[in-house]
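Structure record follows, encoded as structure tokens.
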Amino acid sequence: MSDHGLTTIPSAFSVRETIDRLERIATARGLVVFARIDHAAGAAQVGMALRPTELVLFGHPRGGTPLMQDRQTAGIDLPLKALAWEDAEGHVWLTSNEAGWLAQRHRLTAKSSAAVAALGAGQGAITLAATAPSPPETVEPLR
């Protein structure tokens, strides 16, 4: 489903395994995992409850730099992010920003349209592979 620039897809795995898989797939494609944040653990540290919720920041300067060369404000939304979370019924979801939304939000011009398309395609492939019960046997490296 798509909602206000967010794409949310179901995952066949737990929150932790979804993010573990996303990290492995992203790294195999030559991307950098910059950070991983366990929001539920943070909540627990202050005595609050939160269902499993983890965020990962990933990307590559080759993909994000053209967007920032076009409009530096795009850097506020880079690197890419993916949030795995468990709903009240125990279903796990993976949510990420749509590349087209980034382009619209930052009023990117045609000079970065190829980079936006590549970002969207790459992110879509990675998130689908991370959430699907049978990921592809081989993963194409980033070029």
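Just so it is clear, none of the values below were taken in a lab; they were calculated from the coordinates. Not measured: the values here are computed from a predicted model. No Cβ is skipped: glycine too gets one built from the backbone with ideal geometry, and neighbour counts run over all protein chains shown.
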The helix 113-131 Cα axis meets the longest alpha-carbon principal axis of the chain at an angle in degrees, between 0 and 90 and rounded to 10, of 20 degrees
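Looking at the stretch 48-122, which GluC sites (Glu not before Pro) are DSSP coil and have at most 13 other C-beta atoms within 10 Å of their C-beta?
Glu89
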Between the Cα axis of helix 15-28 and the main Cα principal axis of the chain, the angle (0 to 90°, nearest 10) is 30 degrees
Relative contact order, percent, of the chain when contacts are C-alpha pairs under 8 Å separated by at least 6 residues? 32 percent
Treating the angle as unsigned and between 0 and 90°, give the value, to the nearest 10°, between the Cα long axis of helix 61-70 and the longest Cα principal axis of the chain. 60 degrees
